[in-house]
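Okay, so here's the structure we're looking at.
Here, each number is a calculation from the coordinates, and none is a lab measurement. Because the structure is a prediction, the values reported are computed rather than measured. Here the Cβ positions follow ideal geometry from the backbone for every residue, glycine too, while neighbour counts run over all protein chains shown.
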Amino acid sequence: MWRNMGRPAPDRQAGAEPALSAFRTEGVAAKGLAIMGVTIIFGATGGIGSALARRLAAAGRRLHLVARDPERLGALAAELDATWASCDVGKEDRLDAALAQVQEPVDGLVYAVGTINLKPLARLTVDEMLEAYRVNATGAALAVQAALPRLKEAGNASVLLFSSVAVGQGFPNHAAISMAKGAVEGLTRALAAELAPAIRVNCVAPSLTRTALAAPLLANEQMARSIAALHPLQRLGEPEDVAALGAFLMSPEAGWITGQIVGVDGGRGTLRGKS
Ligand SMILES: NC(=O)c1ccc[n+]([C@@H]2O[C@H](COP(=O)([O-])OP(=O)(O)OC[C@H]3O[C@@H](n4cnc5c(N)ncnc54)[C@H](OP(=O)(O)O)[C@@H]3O)[C@@H](O)[C@H]2O)c1
C-alpha cells in the first residue's frame, strides 16, 4: 500500500528547467552520452542503496528514492535534495504509483531491494520461496516495467540489478535466495537484449557485505571473522565496495557494457582460498 510521497523541490516540479550541472553534461555530451533526467533507486535507504545514492548525487544525478520506511526515506531525500515515495514492492502488482512523481526522462534505475532467508530446503515453505522470488525477482521486473516509458525517453539509460555470490556458487541453506537471484541474473540478460540499444542492463553480485541485510549473520564477531576468512581477499564487503562498481555501471563511461553479471565478492565467487 502506498503511504506517502515526497514533495518535489521547487526546481523538480513538472515543467521546470532541469537543474543539470555543467559538471555532469560537459565531456560526455560531446560523445552523445549526456546524462539527463532522474535516476530512480529502489532500496535507496539500504546499506548499498544509500551508498550508491550518495555517490550518484555527488556526481550531479537527480534522484527519486523508493523503499518502505517513510522516515528514513524523508531523511535521505532531504540530505540529497531528492524526491521519494514509500512502497512495499512485495505487496504491489504494479509499481506505477511509486513513480507517479517522475514526470521527466529516467536516465537510470537501480533495484537494490533484497531478502535473505537462510534455511535448509526441508524447512522452507512455499510462501517463503515465493516471498524471496517476489521481492528479489518479480519486484525488479515490475520496477523496470513501471519506469520503461520514461527510461526510453532518456534515449541512453542504464538499469542496475542485484544478484548474489550464491548463484554462481552453491552454498548450503541458500535455496530460496539462490533461486530468486538466479532469476534476477536471467532477467538481466533478457532485458539487456530486449532493451538494447537505448537501455543498458547490468547486475552486481556481491558476497557478504556489511549492511542491515547481513547483520543477522554478522552479529557474532567470531562468526564475522570466520566468514571474512573464507574470502581470498580476507575481509567482508563494505557498501562502498559495491556502490563504487554500481556508480561506474550507471555512468556513461560504462556505455559499452550491458548484460553483465559482475561479482564484487573478495574473490569468493571464482577463486579457491590458500588454506
Ligand atoms: N548485504 C549483503 O551481504 C548482500 C549480499 C548479496 C546480495 N545483496 C543484495 O544487494 C542488494 C542491496 O542489499 P543491502 O545489503 O543494501 O540491503 P539492506 O541494507 O537491507 O537494504 C535494503 C533496502 O531495500 C528496502 N526494502 C526492503 N524490502 C523492501 C520491500 N519489500 N519493498 C520496498 N523496499 C524494500 C529497504 O528499506 P525499507 O526496509 O524501508 O523498505 C532498504 O532501503 C539486495 O538486492 C541484496 O539482495 C546483498
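The table that follows gives values for the structure above.
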item	result
Packing rank of 216-228, 66-78, 100-112, where each peptide gets the mean count of other beta carbons within 10 Å, highest leading	100-112, 66-78, 216-228
Per residue convex hull volume, Cα atoms of the range 19-264, in Å³	126 Å³
Crossing angle, helix 139-154 versus the chain [Cα axis fit, 0-90 degrees, rounded to tens]	30 degrees
Crossing angle, helix 239-250 versus the chain [Cα axis fit, 0-90 degrees, rounded to tens]	50 degrees
For peptides 141-152, 263-274, 114-125, sequence by mean Cβ density within 10 Å, most packed first	141-152, 263-274, 114-125
Convex hull of Cα atoms in the range 61-125, direction-averaged projection (nm²)	6.1 nm²
Helix 47-58 vs. the chain, principal-axis angle (Cα, 0 to 90°, nearest 10)	30 degrees
